[in-house]
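Values in this text are rule-based calculations from the coordinates and carry no lab data. Quick caveat: nothing in here was measured; it's all calculated off a predicted structure. Methodologically, a virtual Cβ is constructed for each residue, glycine included, from the backbone with ideal geometry; neighbour enumeration extends over all protein chains shown.
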């Protein structure tokens, strides 16, 4: 099996919102697929979410995806109609335990829910395996049972493999305590794909952020010892209250500006 030094870069393409595409260990991974057009999107019992910009690619542009890393299936800014249409043609979708149950009717054995610290091994095309481990994520401030009652389950992912860099995909996580747990098991991390944007809703948690804000993202990078950070989930939706400018300022203030990669990789 060929191996790569742990510090070898691999391109990450940020496609808008929470959606990013990268190849790792010979497999092509896509995070939280969202390709619908700009407009207003509602879900039962939740606020209307307004998409303000299109994705920078269409599903047809992707050139094939082996694995979708779906942090959660219940919010249209993380899985929209176009994203759902992509899943049946993808060999494997990894998501929350609850999401795995909800999607099983349409996807069968092409979906698997991962509990915290549960792993799955994926065969690499050239031999060997990639291990994907589900890791904790909380979509809001406070204890898990209180947060999940309002915003649902979310899962993050850590990718590892012999001779490969360690990759963390945070999902919609607002908990630095969760990041500390992950760093304790897997740190230092080579590449962290951090969902940020500081989304807030007056009706949820007294308007506190439900995903990392920019300063928290910089602190997460420090905790993880991340050599590279690819921010996602900070553009293309009206409920994100902090964007690229705030992220750049926060990482500069933390002395970590050189870690930022804006995901323009091929």
Practice problem: For the chain, just say rounded, prolate or oblate: build the C-alpha gyration tensor, square-root its eigenvalues into a ≥ b ≥ c, call rounded for a/c under 1.5, and beyond that prolate if a/b exceeds b/c, oblate if not. | Solution: rounded
Practice problem: Which order do the peptides 37-50, 63-76 take when ranked by the mean count of other beta-carbon atoms within 10 Å per residue, highest first? | Solution: 63-76, 37-50
Practice problem: Set the Förster distance to 22 Å, then compute FRET efficiency between residue 60 and residue 37 from the Cβ-Cβ distance, nearest 0.05. | Solution: 0.90
Quiz item: Over region 71-197, what is the relative contact order in whole percent, taking alpha-carbon pairs under 8 Å and six or more residues apart?
Solution: 19 percent
Practice problem: Please build a GNM for the chain, connecting alpha carbons under 10 Å apart, and tell me which residue among 111, 211, 147 fluctuates the most. | Solution: 147
Quiz item: So how much slack lies between residue 180 and residue 258, counting 0.36 nm per residue of separation and subtracting their Cα-Cα distance, in nm?
Solution: 25.9 nm
Quiz item: Which order results if 29, 240, 35, 150 are arranged by neighbouring Cβ count within 10 Å, fewest first?
Solution: 150, 240, 35, 29
Quiz item: Just for the Cα atoms in region 38-127, what are the lengths along the principal axes, largest first, rounded to whole Å?
Solution: 44, 30, 23
Quiz item: With the Cα gyration tensor of region 29-179 giving a ≥ b ≥ c as the square roots of its eigenvalues, does the rule (a/c under 1.5 for rounded; else a/b larger than b/c for prolate; else oblate) give rounded, prolate or oblate?
Solution: oblate
Quiz item: Quick one: Cα centre-to-centre distance for region 182-217 and region 13-65, in angstrom?
Solution: 18 Å
Practice problem: Normalising by the residue count of region 162-266, find the relative contact order in percent from Cα pairs under 8 Å and 6+ residues apart. | Solution: 28 percent
Quiz item: What is the P(r) of region 117-266, as percent of Cα-Cα pairs per 10 Å bin from 0?
Solution: 12, 41, 34, 12, 1, 0
Self-check item: region 90-198 - convex hull of the alpha-carbon atoms, volume per residue in Å³
Solution: 116 Å³
Quiz item: What relative contact order, as a whole-number percentage, does region 17-256 give when Cα pairs under 8 Å and 6 or more residues apart are counted?
Solution: 16 percent
